Amino acid sequence: MARDRDRPTGSADSVISIIGPGMKIVGSIETDGTVRIEGIVDGSIRAGKAVVIGKQGTVNGDIKTQDAVISGRVDGTLVAASRLELQSTCHIDGEVHTRRMQLEEGAVLNGNVHMGDEAQKMIAKSGASGASGATSKAKPETSRTPAATGS
C-alpha cells in the first residue's frame, strides 16, 4: 500500500508540489514537475518543469528549472532554462540566467542578468554538474584590465 502512495497517478510533468503559507522547509527540494512556494525555503530548488513563488513566498538558495514565475523573494542564483517572469511584487538578490525574461514594472532585481549565449552556457553547465554547479562562476572577463588609450 505504501508503494502505491509513492507513485503519482499522473505523469511527472503534471505533478505540482506546494509549500504552503506558514510552512518552512530547510534543505533541498527536487522534483520532475512543478513546485509552488507560498512559504519559506532555506535551500536549493531543482524542478524539471517550473517553479512558482507566490507573493509571500521566500527562497534563500539557488533555483534551477525550465520556467519560473516569481512574485515573492529570492536570495540566490536563479537559472530558468526557458522562460522567467518577474512580477511587480518580486524582489531578487542574486544572479539570473535565462533564455527569455519578462520583467513587470515594480519588480526589484539586484544582481547580474545573463541572457542569450552566456546564459545557455551556464544552463548547460549547471545541468551537467547538478544544482551546486549553478552557484557561482568566476568569469575571465572580470580579470581583464582596460586597454590604455593614447591621449
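Entry remark, the stretch 98-108: residues being surrounded by fewer than 20 Cβ atoms within 10 Å (Cβ to Cβ) and touching a helix residue (DSSP H, G or I) at 6+ places or on another chain (Cβ under 7 Å) number 1 in total.
Going by what's in this entry, would residue 21 be described as farther than 20 Å from residue 110 by Cα and modelled with pLDDT under 95? No: the conditions fail for residue 21.
Let's see how each residue does on (1) of a type in the set (A, V, I, L, M, F, W, C); (2) in contact (Cβ under 8 Å) with a residue 24 or more places away in the chain; (3) surrounded by fewer than 19 Cβ atoms within 10 Å (Cβ to Cβ):
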site: 28; (1), (2), (3): no, yes, yes
site: 31; (1), (2), (3): no, no, yes
site: 37; (1), (2), (3): yes, yes, no
site: 49; (1), (2), (3): no, yes, yes
site: 52; (1), (2), (3): yes, no, no
site: 60; (1), (2), (3): no, no, yes
site: 93; (1), (2), (3): no, no, yes
site: 96; (1), (2), (3): yes, no, no
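Just one of (1) surrounded by 14 or more Cβ atoms within 10 Å (Cβ to Cβ); (2) at pLDDT 95 or above fails for residue 15. It is (2).
Return the only residue of 81, 68 being modelled with pLDDT under 95 and either surrounded by 18 or more Cβ atoms within 10 Å (Cβ to Cβ) or of a type in the set (S, T, N, Q) (or both). Just a single option satisfies the conditions, and that option is 81.
The values are calculated or read from the model by the stated rules, or taken from the named source; none is laboratory data. Please read all numbers here as calculations on a predicted model, not as lab measurements. Here Cβ is always computed from backbone atoms with ideal geometry, including for glycine, and neighbour counts include all displayed protein chains.
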